[in-house]
Structure formats: C-alpha cells, structure tokens
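Peer 1: Take a look at the following structure, please.
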Amino acid sequence: MNSSISADWLARTIVDRSIRGIALETSALIRAGALPVGARLPAIRDIAYEMKVSPATISEAWSELRRQKIIRGRGRNGTWVSGDRFIAQPERLASSGDYGAGVLNLSLAIPDTALLPPLAEALAHGATVDKLNSYERSRVVPELREAAEARWPYRPEAFLATNGGYNAVYNTLRALVAPGSAVAIEHPTAMRLLDILEDLGVRIVPVACDEHGPLPASLRAAAQERLAAFVFQPRLHSVTGQTVSAERLALIGDILAESDALIIEDDGVADISEAPPASLGVRFPERTIHIVSYSKTLGPDLRLAVLSSSAAIVEQVQSYRAFSAGWTSRLLQGATSWLLRDEASRDIVAKARIIYKQRRDRLAEALAARGIHTAPGSGLCLWVPIISEPFAMVTLAARNIAVNPGSKFSVLPSAHIRVATATLTERYEEVADAIALARSP
C-alpha cells in the first residue's frame with residue numbers, strides 16, 4: 001500500500017500538540033490501523049502549518065518514531081509508516097543467532113548447569129513459606145530479606161524482590177526515568193541494558209572505562225548532560241570481567257556528589273565474582289538502587305533478584321509493578337533464601353566461581369600465546385580486541401564457532417568480540433587458533 005495522508009487530517013485527529021503528544025498519538029493511530037503500513041506522511045512543514053506548531057516540533061516527534069522504527073525515511077524523499085516494528089522488542093537480544101548442530105556456541109554468557117546447586121530441597125522449603133498463594137502484594141518475604149541482607153554492601157531502608165535482575169532494572173527505569181532523559185552507562189555494557197534504555201527512549205550517554213572501572217573524566221563529562229541516572233556494574237562487569245576498584249568507586253562517588261542523578265548498580269553475576277559486594281549506597285542511600293541477581297549463581301529458573309533503595313524509591317518501583325504481576329513468587333523467594341543460607345549450596349557456588357575463572361584464564365592464556373592480550377578478570381566471558389568485527393564474525397562462523405560482536409554491547413564503534421567461556425570445557429587451543437585468524441583481515 002502506498003496511500004498518502006493529508007496534513008489537514010492529521011491536524012484534526014491529533015489533539016496533544018506537544019512533541020511527546022504528537023509522537024504518542026501518531027503511534028496510536030498506526031497501531032490502530034488508521035495510518036496503514038506503507039502510507040506516506042505529509043511534509044513536516046505542511047503538518048506544522050496545519051497544527052500551528054513549529055516544524056522543529058514535528059521533526060522531533062518524527063525522530064522519536066523513527067528511533068522506534070515506527071516510521072522510516074526523511075527529508076525530500078518522504079516519510080512512510082513502517083511495518084518493521086509496532087511492538088517493543090529487545091533488538092540486540094533478538095538478533096542473537098539460532099545455531100544448529102555442530103556449532104560451538106560461545107555467544108551466550110550463561111551459567112554451566114552442572115555447576116548450579118540442586119533445587120529440590122530449596123523448592124520444598126519454598127512451599128512452606130508464609131502466606132503462600134496469597135494475593136497480598138508483598139515486597140519481599142522476611143527470610144529472603146534477612147538472607148540477602150547478610151551479604152549486602154550497605155544498610156538500605158527497604159528491599160524489593162523482583163523477577164530477575166533485568167526485570168529489576170526495567171521496572172526501576174520505567175518507574176523513575178522519563179523518556180528523553182539523559183542516562184549514563186558504561187562503554188561497553190550488557191546488551192540487555194542497552195535494549196532496555198533504547199526501549200525507554202532515553203538519551204544514552206556512554207562512559208568510557210579502563211581496567212579499574214568508569215573513567216572519572218568521562219563520567220564528569222557525562223554529568224554535564226544533567227543525568228537522570230547512571231547505570232553501572234561495580235562488582236563484576238558482565239562483558240569485560242573487570243571490577244571497579246575501591247579507589248575508582250570513591251572517585252565516582254565524588255563526581256556523582258555534584259549531581260542528583262539516580263545511581264543504579266547492577267550486580268548481575270553476584271558471587272561468581274571474587275570481589276566483595278560494593279555500593280555507593282553507603283554514601284547516597286537516598287538515591288542508590290542496588291540490584292543483585294541470583295540467576296547466574298543459584299539458577300535462572302528461580303527468576304529472582306533483590307533490589308534495595310530508599311523507602312520512597314522502593315514504593316515508586318512497587319507502584320509501577322502494580323500494573324503487572326505486583327509481586328514476585330513467594331515460593332521462589334523462599335527457595336532462594338534457603339539456598340543463600342545452605343552451607344552446601346554456598347560451597348557449590350564457591351567451587352563454580354573457581355572453575356569459571358579457570359576456564360576464562362585458560363582461553364586468555366591460549367590467546368596470549370598467540371599475541372592477543374585480554375584484560376585480567378573473572379566471570380563468564382572474555383572481551384577480545386580485534387581489527388574488524390565483520391571479518392572476525394565471518395571467519396569464526398566458517399569454523400563453526402559462534403561469538404557476539406562487540407557492537408552489541410555499545411552505542412559507540414567497537415573493535416571487539418565477546419567470547420563466552422562459562423561452558424567451554426575443552427578445545428581451548430582450537431578456539432584460540434580460530435580467534436587468531438579472525439583477529440585481522
């Protein structure tokens with residue numbers, strides 16, 4: 001279909017003449033089919049004239065819809081309603097490959113199921129938790145709060161159980177950060193975090209990092225953007241395997257002391273890290289949101305994380321959750337609390353931490369022997385420098401090895417691949433040979 005829509009019709013149909021209002025109402029018209037896929041939109045100046053707003057207002061609204069891939073095209077070539085995207089989807093995650101038999105899949109930084117604690121006793125205990133099957137929208141069961149608090153890096157006012165770490169980040173940002181706001185985040189960072197920020201429609205401000213964490217100069221420059229939030233991973237970076245040093249964390253705190261930005265700390269790998277828990281909540285308890293996920297250490301099917309902050313912030317996040325589930329399974333909270341207290345389960349996690357580091361180190365050593373040096377660290381993957389990401393991906397694919405391009409983990413140009421090592425139990429030399437070939441054209 002290639003029908004045209006008149007500027008007069010749009011002006012009579014759209015009521016809210018603000019940038020956000022025009023974008024939202026146009027999006028609603030497209031979703032309802034009133035603006036069909038393939039329809040050509042009027043010129044910006046014509047719409048502005050009929051709506052009695054400035055062309056810049058329409059241009060900004062169209063930019064937002066273009067970012068969401070709801071419309072496409074620009075300038076003299078015209079703008080059309082796109083069929084690419086009518087519902088939100090995590091594009092970085094959705095673009096992950098579906099690899100067939102015979103492919104060594106090193107694209108997923110996931111736990112080795114053989115290194116997770118058994119769940120039978122934990123789930124049996126979970127079935128005995130207080131108020132099981134109640135519709136009361138509780139924030140966290142007391143025994144989980146007590147078990148989590150024993151390892152928490154500061155004493156917050158309030159806790160909240162959520163359906164996983166990314167669910168906690170998503171709900172927090174949706175509840176507290178308005179679309180269009182500036183949000184700083186590490187470069188690189190988890191692709192899921194970027195998916196969440198892009199879906200929210202914020203302005204992403206990347207902060208460069210080194211082996212000690214976010215660079216103070218880069219964060220200071222980002223802070224000039226009147227940040228609504230700074231999202232970072234202080235304990236163990238899920239992509240690079242780096243830990244923010246105590247000295248760097250103090251400098252980050254000094255910079256953020258001059259800002260009123262929310263501080264969102266994502267501890268997504270938890271006790272797989274060798275480092276102790278760390279948080280700026282010690283200095284800024286009123287605006288720090290500290291999130292610990294237990295998926296990588298205790299089991300992804302627990303779908304559980306714990307969030308802490310001020311009572312006011314927890315109430316805001318919980319109020320937003322009331323639009324959906326409203327609370328996290330008490331059964332799973334009880335099971336998680338049992339695992340956190342169980343000595344045998346803690347020993348399994350400690351053993352897994354050692355094995356994950358050994359696997360990561362073995363590939364790093366094999367790469368170093370071939371002249372490819374990676375930063376020391378721990379966790380579930382390696383961040384490997386290369387010359388050309390497309391060449392590296394094609395070369396590795398030709399050898400039936402799947403990895404992720406670095407571009408998935410940043411909004412800036414990248415020259416890396418991320419290689420998952422958590423389930424790599426052999427073939428280190430073969431993988432290192434393939435990466436050496438893929439490193440440069």
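Peer 1: Quick check of the Kirkwood formula: for the stretch 211-312, what is the inverse mean of 1/r over all pairs of different Cα atoms, in Å? The partial results should precede the final answer.
Peer 2: On the way: mean 1/r = 0.0709 Å⁻¹.
Mean inverse Cα-Cα distance, inverted, gives 14.1 Å.
Peer 1: Counting other Cβ atoms within 10 Å of each Cβ, which GluC sites (Glu not before Pro) in the stretch 171-232 have at most 16 and sit in a DSSP loop? Numbers along the way, then the final one.
Peer 2: Details: sites: Glu186, Glu198, Glu211, Glu225; in loops: Glu211, Glu225.
Passing sites in the stretch 171-232 are Glu211, Glu225.
Peer 1: Here's a follow-up. Leaving out ligands, DNA and RNA, what percent of the accessible area of the stretch 1-40 is carbon and sulfur, probe 1.4 Å? Please list the in-between numbers first.
Peer 2: Details: 1240 of 2170 Å².
Here it works out to 57 percent.
Peer 1: Hey, got the dipole for the stretch 188-230? About the Cα centre, +1 on K and R Cβ, -1 on D and E Cβ, debye to the nearest 20? Each step should come with its number before you reach the end.
Peer 2: On the way: 4 positive and 6 negative charges, 40 e Å.
So the dipole magnitude of the stretch 188-230 works out to roughly 200 debye.
Peer 1: Could you state the accessible area per residue of the stretch 114-163 in Å², with a 1.4 Å probe and every protein chain left in place?
Peer 2: 58 Å²
Peer 1: May I ask which residue of Ala261, Leu380, Thr79 lies farthest towards the positive end of the charge dipole of the chain, with charges of +1 (Lys, Arg) and -1 (Asp, Glu) on Cβ and the Cα centre as origin?
Peer 2: Checking the options against the dipole of the chain, the answer is Thr79.
Peer 1: Using Cα springs under 10 Å in a Gaussian network model of the chain, which residue among Gly299, Gly241, Gly33 shows the largest mean-square fluctuation?
Peer 2: Gly33
Peer 1: Find the relative contact order for the stretch 1-51 and round it to a whole percent, using C-alpha pairs within less than 8 Å whose residues are 6+ positions apart. Please report the intermediate quantities before stating the final value.
Peer 2: Working: 45 pairs, mean separation 29.7, N = 51.
After rounding, I find 58 percent.
Peer 1: Heavy-atom accessible area per residue, the stretch 176-273, 1.4 Å probe: how many Å²?
Peer 2: Working: 3180 Å² over 98 residues.
Accessible surface, normalised per residue, equals 32 Å².
Peer 1: In the stretch 200-256, which trypsin sites (Lys or Arg not before Pro) fall in coil by DSSP and have 13 or fewer other Cβ atoms within 10 Å? Show your work: numbers first, answer last.
Peer 2: On the way: sites: Arg203, Arg220, Arg226, Arg235, Arg248; in loops: Arg226, Arg235.
Answer in residue order: Arg226.
Peer 1: Given 10 °C and 1.306 mPa s, compute D for the stretch 1-49 with the Stokes-Einstein relation, Rh being the Kirkwood radius over Cα pairs; round to the nearest whole µm²/s.
Peer 2: Roughly 144 µm²/s, to the nearest whole number.
Peer 1: In the stretch 240-279, which GluC sites (Glu not before Pro) are in a loop and have at most 13 other Cβ atoms within 10 Å, using DSSP for the loop call?
Peer 2: Numbers: sites: Glu247, Glu258, Glu265, Glu274; in loops: Glu258, Glu274.
Within the stretch 240-279, the qualifying GluC sites (Glu not before Pro) (loop, at most 13 other Cβ atoms within 10 Å) are Glu258.
Peer 1: While we're looking at this one, here's another question. Give the distance, in whole Å, between the Cα centre of the stretch 189-265 and the Cα centre of the stretch 106-137.
Peer 2: Cα centroid of the stretch 189-265 versus Cα centroid of the stretch 106-137: 31 Å apart.
Peer 1: Measure off, as a whole percent, the carbon and sulfur share of the 1.4 Å-probe accessible area of the stretch 111-224, all protein chains present. List each step's numbers first, then the result.
Peer 2: Working: 2570 of 5060 Å².
With neighbouring chains kept in place, the figure for the stretch 111-224 is 51 percent.
Peer 1: Using protein chains only and a probe of 1.4 angstrom, how many square angstrom of Asp16 are accessible, to the nearest 10?
Peer 2: The value for Asp16 is about 70 Å².
Peer 1: Now for a separate question. Roughly what % of DSSP beta bridges within the stretch 159-259 run antiparallel, to the nearest 5?
Peer 2: Details: 2 of 11 bridges.
Of the beta bridges lying entirely in the stretch 159-259, close to 20 percent run antiparallel.
Peer 1: Can you quote the Å³ per residue value for the convex hull of the Cα atoms in the chain, rounded to an integer?
Peer 2: 172 Å³
Peer 1: Specify the longest stretch of the chain that does not include any exposed loop site, a site being one of the chymotrypsin sites (Phe, Trp or Tyr not before Pro) with a non-H, G, I, E, B DSSP assignment and at most 14 other Cβ atoms within 10 Å. Could the numbers behind the result be given before it?
Peer 2: Values: sites that count: Tyr135, Phe323.
It runs 136-322.
Peer 1: Here is a follow-up. Would you mind giving the three semi-axes, in whole Å and largest first, of the ellipsoid equivalent to the stretch 100-213 according to its Cα gyration tensor? Numbers along the way, then the final one.
Peer 2: Numbers: eigenvalues 186, 117, 50 Å².
That gives 30, 24, 16 Å for the three semi-axes.
Peer 1: Amide H to amide H, which residues 5 or more places from Ala229 or on other chains are under 5 Å from it, using H placed in the peptide plane?
Peer 2: So Ala229 has HN proximity to Ala184, Leu262.
Peer 1: Here's something else I'd like to know. Can you tell me how much longer the chain between Ser245 and Phe323 gets when fully stretched, taken as 0.36 nm per residue apart minus their C-alpha distance, in nm with one decimal? Write down the numbers at each step before the final one.
Peer 2: Working: separation 78, 0.36 × 78 = 28.08 nm, distance 3.86 nm.
Answer, rounded to one decimal: 24.2 nm.
Peer 1: Sorted from largest down, what three extents in whole angstroms do the Cα atoms of the stretch 321-365 have along their principal axes?
Peer 2: 49, 27, 9
Peer 1: Using r as the Cβ-Cβ distance of Asp342 and Arg399, and R0 as 51 Å, what FRET efficiency do you calculate, to the nearest 0.05?
Peer 2: Values: r = 42 Å, r/R0 = 0.83.
For Asp342 and Arg399, the calculated efficiency is 0.75.
Peer 1: Once the dipole of the chain is set up with Lys and Arg at +1 and Asp and Glu at -1 on Cβ about the Cα centre, which of Leu194, Trp152, Val292 lies farthest towards its positive end?
Peer 2: In the chain, that residue is Leu194.
Peer 1: A further question follows. So, for the stretch 285-441, what is the accessible surface per residue at a probe of 1.4 Å, expressed in square angstrom? Could you put the intermediate results ahead of the total?
Peer 2: On the way: 6320 Å² over 157 residues.
Value returned for the stretch 285-441: 40 Å² of accessible area per residue.
Peer 1: Lys and Arg at +1, Asp and Glu at -1: add these up for the other residues within a Cβ distance under 14 Å of His212 and post the number.
Peer 2: Working: positive: Arg235, Arg248; negative: Glu186, Asp210, Glu211, Glu247.
Neighbour charge sum, excluding His212 itself: -2.
Peer 1: In addition: Give me the percent of DSSP beta bridges within the chain that run antiparallel, rounded to the nearest 5. Provide the component values of the computation, followed by the final result.
Peer 2: On the way: 22 of 43 bridges.
Counting only bridges with both partners in the chain, antiparallel ones make up about 50 percent.
Peer 1: Let me ask you something else. Roughly how big is the stretch 195-256's charge dipole about its Cα centre, with Cβ charges of +1 (Lys, Arg) and -1 (Asp, Glu), in debye to the nearest 20? Let's see the in-between values first.
Peer 2: Working: 5 positive and 8 negative charges, 34 e Å.
So the magnitude is around 160 debye.
Peer 1: Restricting things to alpha carbons, tell me how big the stretch 282-441 is in terms of Rg and Dmax, in Å.
Peer 2: 20.2, 54
Peer 1: Considering only protein heavy atoms and a 1.4 Å probe, what is the carbon-and-sulfur percentage of the accessible area of the stretch 239-394? All intermediate terms of the calculation are to be shown ahead of the outcome.
Peer 2: Working: 3530 of 6050 Å².
Heavy-atom surface of the stretch 239-394 belonging to carbon and sulfur, 1.4 Å probe: 58 percent.
Peer 1: Also: Give me the dipole magnitude in Debye, nearest 20, for the chain about the Cα centre, with unit charges on the beta carbon: positive for Lys and Arg, negative for Asp and Glu.
Peer 2: Values: 48 positive and 47 negative charges, 226 e Å.
Charge dipole, the chain, about its Cα centre: 1080 debye, nearest 20.
Peer 1: Report His373's accessible area, 1.4 Å probe, all protein chains in place, as a number in Å² to the nearest 10.
Peer 2: 130 Å²
Peer 1: In percent, how large is the relative contact order of the stretch 178-314, given Cα pairs closer than 8 Å and 6 or more residues apart? Intermediate results must be reported in sequence, preceding the final value.
Peer 2: Values: 259 pairs, mean separation 26.3, N = 137.
Normalised by residue count, the contact order of the stretch 178-314 is 19 percent.
Peer 1: Antiparallel versus total DSSP beta bridges in the stretch 219-335: what percent is that, nearest 5? Walk me through the numbers before you get to the answer.
Peer 2: Numbers: 4 of 13 bridges.
Antiparallel bridges: around 30 percent, rounded to the nearest 5.
Peer 1: While we're on this one: What residue among Ala436, Ser18, Thr425 has its Cα farthest toward the positive end of the dipole of the chain, where the charges are +1 on Lys, Arg and -1 on Asp, Glu, each on the Cβ?
Peer 2: After comparing all options, I get Ser18.
Peer 1: Do you know the relative contact order of the chain, to the nearest whole percent, from alpha carbon pairs under 8 angstrom that are 6+ apart? Please report the intermediate quantities before stating the final value.
Peer 2: Details: 842 pairs, mean separation 80.5, N = 441.
Result for the chain is 18 percent.
The values are calculated or read from the model by the stated rules, or taken from the named source; none is laboratory data. Since the model is a prediction, treat every value here as computed from it, not as a measurement. No Cβ is skipped: glycine too gets one built from the backbone with ideal geometry, and neighbour counts run over all protein chains shown. Surface accessibility is based on the protein's heavy atoms, side chains included, excluding ligands, DNA and RNA. Shrake-Rupley method; radii C 1.70, N 1.55, O 1.52, S 1.80 Å.
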